[in-house]
Amino acid sequence: MNDGETQVFHAGEPWTEPPDAYHPISENASATEPASLLAVFVVAAHNPWTALVLLFGIGAAGSAVGPALQTRLMNVAHDAQTLAAALSHSALNIGNATGAWAGGLVIAAGLGYTAPAAAGAVLALAGIAVLTVSVLLQKRTAASAAA
């Protein structure tokens, strides 16, 4: 936390942190794994065993992104963390609705039942682009403040 020594807490151990705490270790979560798994799923979905393995991977990757997203959001929200947390859940709900809508569009267009995975990969890549811009802007702002 705050560029200090990495700490590991176990179940039942108490901990506190200041409101403006920064968690750099959260930046290690993979931003590209869910997109790549969705892209591979388009091909692997035709075999039930590979589909099963990839469905597990997609679920695990999606679950792993949530805490990293929330931590990044708390890092950049500063004094508006409650509002940011509420908006984060709203954005995730909008993303769920957009994904379902895009999946329905590609199926209705006759592209097949694996096309929603391809659409999901494209949407995930768009999210990676937004994350990249956000991180670059944060680093530029931090560099300007340090200078």
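The values are calculated or read from the model by the stated rules, or taken from the named source; none is laboratory data. The structure presented is a predicted model; accordingly, all values stated were derived computationally and were not measured. Methodologically, a virtual Cβ is constructed for each residue, glycine included, from the backbone with ideal geometry; neighbour enumeration extends over all protein chains shown.
Name the helices (runs of 4 or more DSSP H) wholly inside region 35-147 in which the number of residues that are touching a Phe, Trp or Tyr at 6+ places or on another chain (Cβ under 9 Å) is 2 or more.
Output list reads 48-77, 115-146.
Could you grab the pairs with beta carbons closer than 8 Å, sequence gap of 6+ or different chains, first residue in region 59-85 and basic (Lys, Arg), second one at pLDDT below 85?
Arg72/Ser26; Arg72/Glu27
Quick check, is Leu105 surrounded by 12 or more Cβ atoms within 10 Å (Cβ to Cβ) and at negative phi?
Judged against the criteria, Leu105 is a match.
Take the residues in region 54-83 that are crowded, with 16+ Cβ neighbours inside 10 Å and of a type in the set (Gly, Ala, Ser); name whichever of them is nearest to Val130 (Cα to Cα).
Ala68
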